[in-house]
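For reference, the structure is listed below as structure tokens.
Since every read-out is calculated from the coordinates, none of them should be taken as a lab result. Keep in mind it's a predicted model, so treat the numbers as computed, not measured. Heads up, the Cβs are rebuilt from the backbone with ideal geometry, glycines too, and the neighbour counts pull from every protein chain shown.
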Amino acid sequence: SAKEIVFVRNATEAINLVAYAWGLSNLGPGDVVLVTELEHHANFVPWQFIAKKTGAEFRVLPVELDGTLQLDELDALAGAERVKVVATGYVSNVLGVNSRSNAAMSRPPVSSIGAATSFRPVRSRMSCHGTMFA
């Protein structure tokens, strides 16, 4: 729907908009923000700052030696706790690997940065509140 689309100059601006506008109002002690080691600082630092400012816990999903996410650690890091944000990209611009982030998308809300030309993510099939494409 046209009411669900916001055009901004770039993904960095979009992430900061969500992190500051939504994060400051909706995150607090006991909440968890989860990012991956594959993230560009533009998707890492804003969530780290907002988590610290709001008292939320900031967790990082590690990567294997081949650069893929250690998805077996996802349940241990996210578990049944109050995960409010999973911020991850579809393709890492740090290592250039597909992050296999669909497993992380099952934990809403998600701020994701997508490679819209390489993949065809369908937001209606994801359990997330927001998707950003650059």
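In region 1-90, a dipole from Cβ-located charges (positive for Lys and Arg, negative for Asp and Glu) runs towards its positive end, and of 42, 6, 55 it is 6 whose Cα lies farthest in that direction. Footprinting exposure proxy ranking of 64, 39, fewest other C-beta atoms within 10 angstrom first, gives 64, 39. Distant-in-sequence amide contacts of residue 87, defined by a placed amide H-H separation under 5 Å and a gap of 5 or more residues or a different chain, comprise 34, 35, 111. Legend: calculated FRET efficiency, residue 45 to residue 2, from the Cβ-Cβ distance at R0 = 22 Å, rounded to 0.05, equals 0.10. Residues whose amide H comes within less than 5 Å of that of residue 31, counting only those at least five positions distant or on another chain, are 57 (H built at 1.01 Å from N in the peptide plane).
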